[in-house]
Amino acid sequence: MLITFEGIDGSGKSTQIELLQQYLRDKSYEVQVFREPGGTDVSEMIRGMLLNPEIEIDPVTELLLFSSARSQLVAEKLLPLLKKDVVVILDRFFDSTTAYQGFGRKSMPIEEIKQINEIATHNLTPDVTFYLRLSLEEAAERTKRFEKDRMELSGDSFFKRVFDGFEQIAKTEERFKTIDAGQGVQEIHEEIVSNLENRLL
């Protein structure tokens with residue numbers, strides 16, 4: 001089973017992934033967690049470039065670098081693990097590329113990005129995607145003390161387009177489960193578990 005988490009920075013993805021991972025392991029599931037970009041030697045090297053605030057990257061180059069890191073992760077890690085019935089949890093997947101590089105950067109038309117996503121994922125689609133929905137104002141408040149990477153320094157108008165992108169994806173993808181990330185940590189976790197109970201039987 002492939003479970004992905006999406007949302008803007010500060011929405012609490014890392015916290016909820018950690019809680020879900022522990023919950024599933026307590027239920028005797030074998031679980032592996034990866035972040036994007038990353039998860040393999042190649043993907044982590046690409047991550048270093050993508051997040052380095054001292055490097056300027058063309059929007060199309062950025063899109064292709066994210067996609068390259070994803071392709072390596074899918075081929076090297078995800079597909080072999082899923083064949084072994086391991087539950088895989090991802091902190092971001094191709095929906096982030098659609099939201100950030102598509103709606104945010106406007107690097108290419110969305111339909112073309114969808115084609116690139118299919119290639120980069122080797123046609124792998126999540127079984128369920130949890131979209132932790134948080135307002136831009138609350139996200140800014142939560143992250144104001146964080147050191148910003150290259151993506152996080154992209155400006156308010158960029159993140160408004162990213163947020164709108166996630167909203168649009170959530171309306172069109174049935175696998176998206178939108179959760180109010182302004183709730184308490186435990187409330188969010190319980191909502192996630194409730195959504196998964198029937199799928200994990």
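Derivation of every value follows stated rules applied to the coordinates shown; laboratory data play no part. Keep in mind it's a predicted model, so treat the numbers as computed, not measured. So basically every Cβ, Gly included, is an ideal-geometry build from the backbone, and we count neighbours across all protein chains shown.
In nanometres, what is the gap between the two model label sites at residue 138 and residue 29, each 7 Å from Cα along Cα-to-Cβ?
2.5 nm
Counting C-alpha atoms alone, how compact is the chain: give Rg to one decimal and Dmax as a whole number, in angstrom.
So, for the chain, Rg and Dmax equal 16.1, 48 Å respectively.
Hey, what do the phi angles of region 52-68 turn into as Karplus ³J(HN,Hα) couplings, whole Hz, using 6.51/-1.76/1.60 and θ = phi - 60°, x for Gly and Pro?
Taking θ as phi minus 60°, the curve returns 6, x, 8, 10, 9, 10, 4, x, 5, 4, 4, 4, 6, 5, 4, 5, 5 Hz for region 52-68.
What size of dipole, in debye to the nearest 20, comes out for region 2-196 about its Cα centre when the only charges are +1 on Lys and Arg C-beta atoms and -1 on Asp and Glu C-beta atoms?
Numbers: 24 positive and 35 negative charges, 41 e Å.
I would put it at about 200 debye.
Report the calculated FRET efficiency for residue 14 and residue 56 (r = Cβ-Cβ distance, R0 = 22 Å), to the nearest 0.05. Each step should come with its number before you reach the end.
Details: r = 28 Å, r/R0 = 1.26.
The pair residue 14/residue 56 has a calculated efficiency of 0.20.
Farthest toward the dipole's positive end in the chain, which of 12, 38, 143, given Cβ charges of +1 (Lys, Arg) and -1 (Asp, Glu) about the Cα centre?
38
Could you work out how far apart the two model spin labels at residue 125 and residue 180 are, taking each label as a point 7 Å from the Cα in the direction of the beta carbon, and quote it in nm?
3.0 nm
Grab the other residues whose beta carbon is less than 12 angstrom from that of residue 53, score K and R as +1, D and E as -1, and report the net. Mind showing how you got there, number by number?
Numbers: positive: 148, 150; negative: 54, 56, 147, 149, 152.
With Lys, Arg at +1 and Asp, Glu at -1, the net is -3.
So how do 165-171, 4-10, 134-140 stack up, highest first, on mean other-Cβ count within 10 Å?
4-10, 165-171, 134-140
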